[in-house]
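J.: Encoded as structure tokens, here's the structure I'll be asking about.
Only the coordinates and a few stated rules stand behind these numbers; no lab work does. In this text, all values refer to a predicted model and were calculated from it rather than measured experimentally. Cβ placement follows ideal geometry from the backbone for every residue including glycine, while neighbour counts extend to all protein chains displayed.
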Amino acid sequence: MRPRVGFVDSSDNTEQIYQMCRDSGGFWWPTKGSAASSGVLNVQDLKRYIGVQLITFVDKIAKDDLYDRRIKQKKGSRLFLPSDTTDDLLDGLRGQERVDRGLLARWKKVLSDHYGDAIKNILILVWYFAAGRKRED
């Protein structure tokens, strides 16, 4: 079994990520978290990068689903990690802190939380395909 698609965070090094996605022949898809307060996913064609679609997601909703619902509450599809998981990954997952302020609730930023971003991208991939979207082959 081989992966047929990969999502990559394009928040940093955006232009290089878009070029990599274009050059991958459709394997890599760029994603970007949004500070919006509503919605879930948005897909848009990147005019400067023919054939590349940017998947934007509401970061707070993704973090609520991953860190609060799936990890803390153990609801929905669970997150299982390999037995040899490194401390830096575990520290990143444990270091997430939600600041509750009613409708203005948010998650504190964790610097260099690349592992957390990668796991969020797996979640976004699940959302994308669960919504009935199809990959054009």
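J.: Would a scan of the range 68-90 turn up a residue that is closer than 20 Å to Ala131 by Cβ and under 13 Å from the mean Cα position of the chain (by Cα)?
T.: Checked the range 68-90: no residue is closer than 20 Å to Ala131 by Cβ and under 13 Å from the mean Cα position of the chain (by Cα).
J.: Quick one: which residue in Ile50, Ile124 is hydrophobic (A, V, I, L, M, F, W, C), surrounded by 15 or more Cβ atoms within 10 Å (Cβ to Cβ) and at negative phi? Talk me through it step by step, then tell me what you get.
T.: Numbers: Ile50 fails: surrounded by 15 or more Cβ atoms within 10 Å (Cβ to Cβ).
None of the others qualify; the one that does is Ile124.
J.: Those residues that are without any contact (Cβ under 8 Å) to a residue 40 or more places away in the chain, surrounded by 10 or more Cβ atoms within 10 Å (Cβ to Cβ) and hydroxyl-bearing (Ser, Thr, Tyr), I need them from the range 68-100; list them, please.
T.: Result: Thr85, Thr86.
J.: Would you pick out the residues in the range 11-33 that are surrounded by 15 or more Cβ atoms within 10 Å (Cβ to Cβ) and under 18 Å from Val126 (Cα atoms)?
T.: Once the filter is applied, which keeps residues that are surrounded by 15 or more Cβ atoms within 10 Å (Cβ to Cβ) and under 18 Å from Val126 (Cα atoms), the range 11-33 yields Gly26, Trp28, Trp29, Pro30, Thr31, Lys32, Gly33.
J.: Which one of these does Phe129 not meet: (1) farther than 21 Å from Ser37 by Cα; (2) in contact with a helix residue (DSSP H, G or I) (Cβ under 6 Å, 6 or more places away or on another chain)?
T.: (2)
J.: Quick check on this structure: which one of Leu41, Leu103 is farther than 23 Å from Val5 by Cα and touching a residue at least 60 places away in the same chain (Cβ under 8 Å)?
T.: Details: Leu41 fails: farther than 23 Å from Val5 by Cα.
When all the criteria are applied, what remains is Leu103.
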